[in-house]
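No value in this document is a laboratory result; all are computed from the given coordinates. For clarity, every value in this text was computed on a predicted model and none was experimentally measured.
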Amino acid sequence: MKTFEESGIRCLDLHGVRHDSVETELIDFCYKYQYEIPLKIICGNSKKMIDICIRSLSKQGIAYDTQRYGIIIIVKM
């Protein structure tokens, strides 16, 4: 899991993460850094990766915004 801080926002970069590992990585990241919201998830251009992330966040009841294609911002947990 590649995490870093950019302009004061904690980020998770999912490039290189296998699709079958995305949900675990994403949810672990969200709960680990839930007190630093907003959080940024970088999915890249993979429609499948974006769909997995959105489905995982919705299943957990985590509110998000899609700023632009391939970027998801966690706004509320």
Next on the checklist: Can you bin every Cα-Cα distance in the chain into 10 Å intervals starting at zero and give me the percent of pairs per bin, rounded to whole numbers?
Outcome noted: 20, 63, 17
Next on the checklist: Explain nothing, just compute: Karplus ³J(HN,Hα) = 6.51 cos²θ - 1.76 cosθ + 1.60, θ = phi - 60°, for every residue of the range 10-16 in order, whole Hz, x for Gly and Pro.
Outcome noted: 6, 10, 10, 9, 8, 4, x
Checklist outcome for this item: Expected unfolding gain across residue 4-residue 68 under the 0.36 nm per residue rule, minus the alpha-carbon gap, is 21.1 nm
Item to check | Residue-wise HN-Hα coupling along the range 59-68, computed from phi with Karplus coefficients 6.51, -1.76, 1.60 (Hz; x: Gly, Pro) | outcome: 4, 8, x, 8, 7, 9, 10, 9, 4, 8
Checklist entry - How many percent of DSSP beta bridges within the chain run antiparallel, rounded to 5? => result 75
Checklist entry - Tell me, what ³J(HN,Hα) does each residue in the range 18-25 have, in order and in whole Hz, if you take phi through Karplus 6.51 cos²θ - 1.76 cosθ + 1.60 with θ = phi - 60° and put x for Gly and Pro? => result 5, 4, 6, 9, 4, 4, 4, 4
Checklist outcome for this item: Under 5 Å from the placed amide H of residue 64, counting only residues 5+ away or on other chains, we find 75
